[in-house]
Amino acid sequence: MTEGKDFRGRPALEDGDQSPIRRPIKTYALWIVQVLLALLFLFAGGAKLVLPPEALKGPVPIPVLFLRFIGVCEVLGALGLVLPGLFRIRPGLTPLAAAGLVIIMIGATVVNLMSGAPAVALITLVVGVLATFVAYGRWKVIPQHV
């Protein structure tokens with residue numbers, strides 16, 4: 001095999017480069033997950049911010065101010081998932097926002113397991129895994145550049 005060619009004789013890709021077909025697919029997958037997570041967290045965080053304290057009561061007693069703080073974090077995380085990439089301003093904030101949402105989902109999974117709701121805990125776990133996918137994807141696999 002000659003240097004600069006792959007085993008089929010085509011030009012070899014540089015170290016770390018991906019095939020021209022796989023890169024757009026991964027980019028589209030990341031954007032789809034980012035938008036869906038953003039919508040989910042905008043809804044969940046917005047509900048925590050606007051609902052009355054009585055509606056925020058759950059099986060595990062959590063202070064209302066803490067729930068409002070989580071709501072603010074979820075809304076800011078949702079905005080951080082999409083706005084830096086859309087406006088191409090500080091795109092490095094996207095994986096940080098996703099990592100912050102992973103931390104929130106870890107807490108939500110633990111709280112749901114403590115309250116005896118394994119089905120809800122599974123949902124929060126899946127959302128956390130999706131946020132992890134975005135964090136890793138935007139940090140290492142397909143980072144956004146300015």
Inset, instruction - Tally the residues that are among the acidic types (D, E) and in a loop (DSSP other than H, G, I, E, B), restricting the search to region 47-91. - result: 0
Inset, instruction - List every residue pair whose Cβ atoms lie under 8 Å apart, where the two residues are 6 or more positions apart in sequence or sit on different chains, the first residue falls within region 126-144 and is open to solvent by 80 Å² or more (accessible area, probe 1.4 Å), and the second residue, located anywhere, is part of a helix (DSSP H, G or I). - result: F133/L30; F133/V33; Y136/P95; W139/P95
Inset, instruction - Considering (1) assigned to a helix (DSSP H, G or I); (2) in contact with a helix residue (DSSP H, G or I) (Cβ under 7 Å, 6 or more places away or on another chain), say which one I103 fails and leave the rest. - result: (2)
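Looking at V102, V120, V111, which is the one that is open to solvent by less than 80 Å² (accessible area, probe 1.4 Å) and either in contact (Cβ under 8 Å) with a residue 40 or more places away in the chain or in contact with a strand residue (DSSP E or B) (Cβ under 6 Å, 6 or more places away or on another chain) (or both)?
The unique qualifying residue is V111.
Yes/no per residue for (1) of a type in the set (S, T, Y); (2) at pLDDT below 85; (3) touching a Gly at 6+ places or on another chain (Cβ under 7 Å); (4) open to solvent by less than 50 Å² (accessible area, probe 1.4 Å):
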position	(1), (2), (3), (4)
K5	no, yes, no, no
Y28	yes, no, no, no
L39	no, no, no, no
A44	no, no, no, yes
Legend entry - Within region 57-79, considering residues that are open to solvent by 50 Å² or more (accessible area, probe 1.4 Å) and charged (D, E, K, R), the one farthest from A131 (Cα to Cα): K57
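The values are calculated or read from the model by the stated rules, or taken from the named source; none is laboratory data. What you see is a predicted model, and the numbers here were worked out from it, not measured in a lab. Glycine gets a Cβ as well: all are built from the backbone with ideal geometry, and neighbour counts include every protein chain shown. Just the protein is used for accessible areas: all its heavy atoms, side chains included, with ligands, DNA and RNA removed. Shrake-Rupley method; radii C 1.70, N 1.55, O 1.52, S 1.80 Å.
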